[in-house]
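S.K.: Sharing a structure below in structure tokens format, with a few things to ask.
The values are calculated or read from the model by the stated rules, or taken from the named source; none is laboratory data. These numbers were taken from a predicted model, which means no experiment stands behind them. Positions of Cβ are backbone-derived with ideal geometry, glycine not excepted, and every protein chain shown enters the neighbour counts.
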Amino acid sequence: MVLLYDIKFPDLDRPLNTREVQRFIKALWQSTEIWTVYSLSSFLDLLQIERTRAARHKDPKFRHLEFRDILSTTSLINEHQGKSCKDLCEAVSVAFASRIPSLPLVDETIRDLIKLTIRLWILVKIDFKEPTARWQRQLHFGEGQTLQDALKRLHTSPLQQDADPFNDFPVWFNVVDLERITGLRIAWADYITDHLAIMNGTLYLFQNIEALKQIRGSNLMFDESGNTLFTREFIQETINTVFLLFPIKSEHDFGDWLVKGSRSGLNDWQQALVADYTQRPSPREVAEYPVWRQRLLRISEASRKEGAWSIKRLWYDNRDESLWWTRWGLITAGILALIFGFIQSITGIIQVVCAAKSSG
């Protein structure tokens, strides 16, 4: 029988069977959290995406990567999480060279292997270069930085400079009303670094909740000094921000929203999501979200900006009931005025035509 670790990672003609998936997931996180292949279906979709990317890598040597290289790189990242990026790259290079001496990897390919492993292991996008644009949703991992330092920018609470516009997130702060009111399109994201980001009119929500739970239960997150890449508080807050947009007290059926455009109903991971936000609703106090507060309030601000307003958007925007009645009273009055004006114009034309005929 072929061992899981002998399977080429970029070999798209060699999908993993259920037993191999289970072995890989168990080895990747070594988590105490309960899981099933079905609840992790969105992560398995991501795994396939990453395998496809690896198959297209410009360095042909990248195609010799095996699943065991991903797992051994995970162990090295864990062991070096408190050491510099340079030390980590050297350790990964030595490990790969010792396994395949005839295929030494260049520095750029080693770094791509580390980025790939981090994306799968902790669901975060990193880059070793300084970002060239503000919209890039990835963390900079500099030469002299440790991975712990790089991740602090993601899960450290920002300084609160302005007062919150409200104490609790209002009832309309949910996926259905946000699409209707803000005009944003809401899409799912695979990586934590994309979570709650708005780009080109699209709001991204992190979907790999079940995988994040595996990270929460993993002892691999801690180094020998007890430091951790992600605190349990950060992980729970991240999960809560997703559930926040699916409040159980809402009048909406979010199951309908989740399956829109799908003919097969809820996906396996979506069924797990529905069970979670139904049984464990998130708190709606702004103060409960110190890390994600800025992105959440940015979404709220987006709903107040003037932009591509439409009749549909005006109809659903009932956040201020008195303003809604005033707005639609004016719109109705305007429409009636146009109708009566049109009727008067037609009546006048008919009268002129009749008068012309009678005089003729």
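S.K.: Can you tell me how many residues within the range 10-22 are surrounded by 12 or more Cβ atoms within 10 Å (Cβ to Cβ), outside any helix (DSSP H, G or I) and acidic (Asp, Glu)?
M.R.: Count: 1.
S.K.: Only one of (1) surrounded by 14 or more Cβ atoms within 10 Å (Cβ to Cβ); (2) free of Cβ contacts under 8 Å to residues at least 24 places away in the same chain; (3) over 28 Å from Gly217 (Cβ atoms) is not met by Leu44, so which one is it?
M.R.: Checking Leu44 against (1) surrounded by 14 or more Cβ atoms within 10 Å (Cβ to Cβ); (2) free of Cβ contacts under 8 Å to residues at least 24 places away in the same chain; (3) over 28 Å from Gly217 (Cβ atoms), the one that fails is (3).
S.K.: While we're on this one: Sort out which residues of the range 23-41 are in contact with a Leu (Cβ under 9 Å, 6 or more places away or on another chain) and surrounded by fewer than 18 Cβ atoms within 10 Å (Cβ to Cβ), and write them in order of number.
M.R.: Passing the criteria: Arg23, Ala27, Gln30, Val37.
S.K.: Let me ask another. Exactly one of these conditions fails for Ile248: (1) exposed (fewer than 13 other Cβ atoms within 10 Å of the Cβ); (2) within 20 Å of Val124 (Cα to Cα). Give me its number.
M.R.: (2)
S.K.: Moving to a separate point now. Check whether at least one residue in the range 185-193 is at pLDDT below 90 and either in a loop (DSSP other than H, G, I, E, B) or polar (S, T, N, Q) (or both), and report yes or no.
M.R.: The answer is no, given that none of the residues of the range 185-193 is at pLDDT below 90 and either in a loop (DSSP other than H, G, I, E, B) or polar (S, T, N, Q) (or both).
S.K.: Would you check which residues across the range 194-218 are in a strand (DSSP E or B), aliphatic (A, V, I, L, M) and more than 22 Å from Tyr38 (Cβ to Cβ) and list them?
M.R.: Ile198, Met199, Leu203
S.K.: Mind telling me which of the residues Thr74, Thr117, Thr52 ends up being polar (S, T, N, Q), within 26 Å of Ile215 (Cβ to Cβ) and surrounded by fewer than 17 Cβ atoms within 10 Å (Cβ to Cβ)?
M.R.: From the options Thr74, Thr117, Thr52, the qualifying one is Thr52.
S.K.: Any idea which of (1) touching a His at 6+ places or on another chain (Cβ under 8 Å); (2) modelled with pLDDT of 90 or more is the one Ile100 doesn't satisfy?
M.R.: With respect to (1) touching a His at 6+ places or on another chain (Cβ under 8 Å); (2) modelled with pLDDT of 90 or more, Ile100 is out only on (2).
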